[in-house]
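Following: one structure in structure tokens, then a few remarks.
The values are calculated or read from the model by the stated rules, or taken from the named source; none is laboratory data. Quick caveat, the model's predicted, so the values are computed rather than measured. A quick note on method: Cβ atoms are made from the backbone with ideal geometry, for glycine too, and the neighbour counts reach across all protein chains shown.
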Amino acid sequence: MIKCPYCQSEATLRDTAIIYGRSYGNAWICTNFPECDSYVGVHKETDKPLGTLANKELRTWRKRIKLVFNSIWKGGMINSIYPKYLKDISNRSKAYVWLSIEMKLSSEETHIGMFNVEQCEQALKICDNVISKQIEPEIKFDNL
Ligand SMILES: [Zn+2]
């Protein structure tokens, strides 16, 4: 049984049309929806939840960290952030390995869909920090 972490009710697998007005497949939705605005999507073509149910605040945080995290691995930046050679691993998986080390979490816990608000904030800080180091040109301000 999948439970809503906010109101402790059961979540049921329902069509997303009740959320968005049109269908984007199924989601696990709190039975108290829309009073309790809490749901989570599923892995493509499965009933498997992408993580824990999230309310609007947490969904917004997860979207933010996802964008930033994707920018770390999609262009290959992860390989300069974390140059260690790992055999047969995608940039995405490598970025998750790196993030789990930075956040001191196990690999099972290191999924954006599992993060709470505090973990999203922590991950965002970590990612923003390394990205700014990667893209900042080496400008010296001494002469300004
Ligand atoms: Zn609920």
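Would region 47-56 turn up any residue that is under 24 Å from Ala123 (Cα atoms), of a type in the set (Lys, Arg), modelled with pLDDT of 95 or more and under 12 Å from the mean Cα position of the chain (by Cα)? Checking region 47-56: not a single residue is under 24 Å from Ala123 (Cα atoms), of a type in the set (Lys, Arg), modelled with pLDDT of 95 or more and under 12 Å from the mean Cα position of the chain (by Cα).
For every residue, the table says whether it meets (1) of a type in the set (S, T, N, Q); (2) touching a Cys at 6+ places or on another chain (Cβ under 7 Å); (3) within 15 Å of the ligand (Cβ to nearest atom).
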site	(1), (2), (3)
Ile2	no, no, yes
Gln8	yes, no, yes
Ala27	no, no, yes
Asn32	yes, yes, yes
Ala54	no, no, yes
Gly75	no, no, no
Lys84	no, no, no
Lys94	no, no, no
Glu102	no, no, no
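Just one of the listed residues (Ser80, Ser71, Ser100, Ser93) is among the small types (Gly, Ala, Ser), assigned to a helix (DSSP H, G or I) and farther than 28 Å from Ala27 by Cα, namely Ser80.
Matching residues to (1) in contact (Cβ under 8 Å) with a residue 40 or more places away in the chain; (2) farther than 16 Å from Lys133 by Cα; (3) polar (S, T, N, Q):
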| residue | (1), (2), (3) |
| --- | --- |
| Asn70 | no, yes, yes |
| Ile78 | no, no, no |
| Asn91 | no, yes, yes |
| Glu108 | no, yes, no |
| Ile112 | yes, yes, no |
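Across region 129-142, not a single residue is classified as basic (Lys, Arg), at pLDDT 95 or above and not in a strand (DSSP E or B). Checking each residue in region 25-60 for being within 17 Å of Glu118 (Cβ to Cβ) and assigned to a strand (DSSP E or B) picks out only Ala54.
When residues in region 8-46 are screened for being among the hydrophobic types (A, V, I, L, M, F, W, C), touching a Ser or Thr at 6+ places or on another chain (Cβ under 8 Å) and surrounded by 14 or more Cβ atoms within 10 Å (Cβ to Cβ), 7 of them pass.
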